[in-house]
Amino acid sequence: MTVTVTQPVAAPPDDPVRMALDDPELRASLVNHALAVLGRHLAGRPAADRADKAKEACQETGVRALQKRHDYDPTRPVSPWLHGIMNFVLAEAIRSVRRSPAQESADPAAWEQLEADLDSDKAESVHARLDVASYLAKLPSEHTEVLQLRFNEGLTHNEIAVRLGISNVNARVRLCRALVAAKLIAGVEPREDRP
Amino acid sequence: MNTNNRRLQIDLAAARYLDALERDDFTAMSDIWQSALSDPELDMVLREIHAGLIEEQSQEALATSSAALTAAVENHLPSAEIVQSKLGPVTVADVAEELFRHTPDRLPAEAHVLNERLRATQEPLPDELGLSGLTAWAETRFGVAPAEYWRAFRQAAVKLELRRAAEAEYHLAARRAPQPEEKP
């Protein structure tokens, strides 16, 4: 990771960006963001190394946020703004450790198709219901189960977590993976066959 | 927008974010964080994705360390027993495996033959583990065996049931507490 050396940036104590950076909960969420991204690339490294890299990214994010604090719109929440800066810091860090180029961008049309197919307003039609069933039939069982719990039984993430005996955040990630798998089907299915 | 549509939108935005993260597509991630500027719920969900990924990475690291440790113990301490923590009901195979590893003295040869067969039987044990009931249940399914075999089988079954119950209690105590407010 390339850490830019900068002079300390002075900010008044009541500056919203500075106050946010002093918030331990927000700092922890920034470290989590860095760990989630860097952890995939540093999987073989000791946990302490990964934690150090994540803290470095967090510090760099803090420095850049203070430098850019005049760009921050105080009418908007500060957390996503800081995570956006962290995103750029991590992009630079990953570029320096990545061996292969980034994969192609997601097919936005496939995501739109999936949204249309899963939309409950349209699920009243027999065709739409059949379409959701066709997704389920083509997916591996671990994805089918979580999609059925969410879209057929209408369970919340907490309820899915309890049903599967996993944590709430793990239920969230499993549902995301199932939707990504469904999106792949939406992207390859010929549109003329769709309702 | 109705509640279901809102839930679907959030679910799909979260899925797109995970997809982008796993493809190192920082431009798409940046766009989603931009959307989160006007959507506090999305902000919270994206942070949950990070927490979920960290949990997965920790479990993978733990599994890797555990496999390395198991291999080292099996290579260098062949007489040691590695007790694997399992969830779910105790099966006939679990009990037969326990008897294979800790075989009681003076079991007749036909008991060993039956035990070898039962090591592949994944049927769960009955709820009642009284000796007469268990013997009747087992002989109906697996055939007749010497009484001392079923006594040893019952002792091993009770030991494994107690161990499994203790593990289940541990997992229950160590589970993550649910969030006070449910999110879509």
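The values are calculated or read from the model by the stated rules, or taken from the named source; none is laboratory data. Because the structure is predicted, anything quoted here is derived from the model rather than measured. Glycine also receives a Cβ, built like all others from the backbone with ideal geometry; neighbour counts cover every protein chain displayed.
Answer with yes or no whether A:GLY84 is closer than 16 Å to A:ALA28 by Cα and free of Cβ contacts under 8 Å to residues at least 24 places away in the same chain.
yes
Just the residues that are within 13 Å of another protein chain (Cβ to nearest Cβ) and modelled with pLDDT under 90, please, taken from the stretch A:7-37.
none
Would you be able to tell me the number of residues in the stretch B:126-164 that are among the hydroxyl-bearing types (Ser, Thr, Tyr) and either touching a residue at least 24 places away in the same chain (Cβ under 8 Å) or crowded, with 17+ Cβ neighbours inside 10 Å (or both)?
So the count comes out to 2.
Condition first: at pLDDT 90 or above and touching a Leu at 6+ places or on another chain (Cβ under 8 Å). Now tell me which residues in the stretch A:151-169 satisfy that.
A:LEU155, A:HIS157, A:GLU159, A:ILE160
Quick one: which residue in B:ALA63, B:ALA51 is without any contact (Cβ under 8 Å) to a residue 12 or more places away in the chain, farther than 17 Å from A:LEU179 by Cα and surrounded by fewer than 18 Cβ atoms within 10 Å (Cβ to Cβ)? Step through it out loud before you land on a result.
Numbers: B:ALA51 fails: surrounded by fewer than 18 Cβ atoms within 10 Å (Cβ to Cβ).
Unique residue meeting the criteria: B:ALA63.
If you take the residues in the stretch B:12-37 that are among the small types (Gly, Ala, Ser) and more than 7 Å from chain A (Cβ to nearest Cβ), which one is farthest from A:LEU26 (Cα to Cα)?
B:ALA13
What is the one condition in (1) assigned to a loop (DSSP other than H, G, I, E, B); (2) under 30 Å from A:ILE94 (Cβ atoms) that B:LEU21 does not satisfy?
Going through the list (1) assigned to a loop (DSSP other than H, G, I, E, B); (2) under 30 Å from A:ILE94 (Cβ atoms), B:LEU21 breaks only (1).
Looking at B:ALA71, B:ALA80, B:ALA15, which is the one that is surrounded by fewer than 12 Cβ atoms within 10 Å (Cβ to Cβ), free of Cβ contacts under 8 Å to residues at least 12 places away in the same chain and in a helix (DSSP H, G or I)?
B:ALA71
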